[in-house]
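J.: Let me begin by handing over the structure; questions about it come next.
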Amino acid sequence: MTKSEFIAEVANRLKFLSYKDAGVVVNTFFASINEALVNDEKVELRGFGSFKVKERPPRIGRNPKTGKTVKVPAKKVPYFKPGKELKNLLDA
């Protein structure tokens with residue numbers, strides 16, 4: 001499902017919202033999650049899952065083309081952990 005399909009689904013389920021208004025709601029929702037993750041906050045949606053930022057330590061990597069070793073710096077990556085209810089839905 002793409003973002004535009006998701007917006008259309010929200011608009012279809014909530015008959016009182018137009019596609020444009022549903023787009024504002026969905027974009028605000030995603031912007032709120034992004035902002036929380038940028039501020040190193042955990043976002044927990046009960047029954048769905050949680051988003052958080054994990055830090056990867058620096059490491060030595062290898063350039064696959066040349067075989068030469070390279071230093072890979074530390075970085076932060078987003079991480080999603082599905083909740084119990086979502087896991088159960090997928091297992092059924």
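The values are calculated or read from the model by the stated rules, or taken from the named source; none is laboratory data. If you're wondering where the values come from, they're calculated on a predicted model, not measured in any experiment. Don't worry about glycine lacking a Cβ; one is built from the backbone with ideal geometry, like all the others, and counts go over all protein chains shown.
J.: Please find, among 33, 60, the residue that is in contact with a strand residue (DSSP E or B) (Cβ under 6 Å, 6 or more places away or on another chain) and farther than 24 Å from residue 89 by Cβ. Steps first, answer last, please.
T.: Values: 33 fails: farther than 24 Å from residue 89 by Cβ.
Exactly one residue qualifies, and that residue is 60.
J.: Taking residue 52 as meeting all but one of (1) more than 23 Å from residue 3 (Cβ to Cβ); (2) assigned to a strand (DSSP E or B); (3) not acidic (Asp, Glu), write down the number of the exception.
T.: The failed condition is (1).
J.: Take the residues in the stretch 56-79 that are of a type in the set (A, V, I, L, M) and loosely packed, with under 10 Cβ neighbours inside 10 Å, then tell me which one is nearest to residue 39 (Cα to Cα).
T.: Only one residue fits best here, namely 77.
J.: Somewhere in the stretch 41-55, is a residue modelled with pLDDT of 95 or more, surrounded by 10 or more Cβ atoms within 10 Å (Cβ to Cβ) and more than 21 Å from residue 83 (Cβ to Cβ)?
T.: No.
J.: Are any residues in the stretch 16-44 under 20 Å from residue 5 (Cβ atoms) and either in the same structural domain as residue 84 (by TED's automatic domain parsing) or in contact with a helix residue (DSSP H, G or I) (Cβ under 6 Å, 6 or more places away or on another chain) (or both), and if so, which ones?
T.: 17, 19, 22, 23, 26
J.: Here is a follow-up. State whether one or more residues within the stretch 21-37 are not hydrophobic (A, V, I, L, M, F, W, C) and not in a helix (DSSP H, G or I).
T.: Scanning the stretch 21-37 turns up no residue that is not hydrophobic (A, V, I, L, M, F, W, C) and not in a helix (DSSP H, G or I).
J.: Now a separate question. From the list 15, 65, 76, 3, pick out the single residue that is in contact with a strand residue (DSSP E or B) (Cβ under 9 Å, 6 or more places away or on another chain) and of a type in the set (D, E, K, R).
T.: Numbers: 15 fails: in contact with a strand residue (DSSP E or B) (Cβ under 9 Å, 6 or more places away or on another chain); 65 fails: in contact with a strand residue (DSSP E or B) (Cβ under 9 Å, 6 or more places away or on another chain); 3 fails: in contact with a strand residue (DSSP E or B) (Cβ under 9 Å, 6 or more places away or on another chain).
The conditions single out 76.
J.: Taking only the stretch 56-92 into account, find how many residues are in a loop (DSSP other than H, G, I, E, B), of a type in the set (A, V, I, L, M, F, W, C) and at pLDDT below 95.
T.: 1
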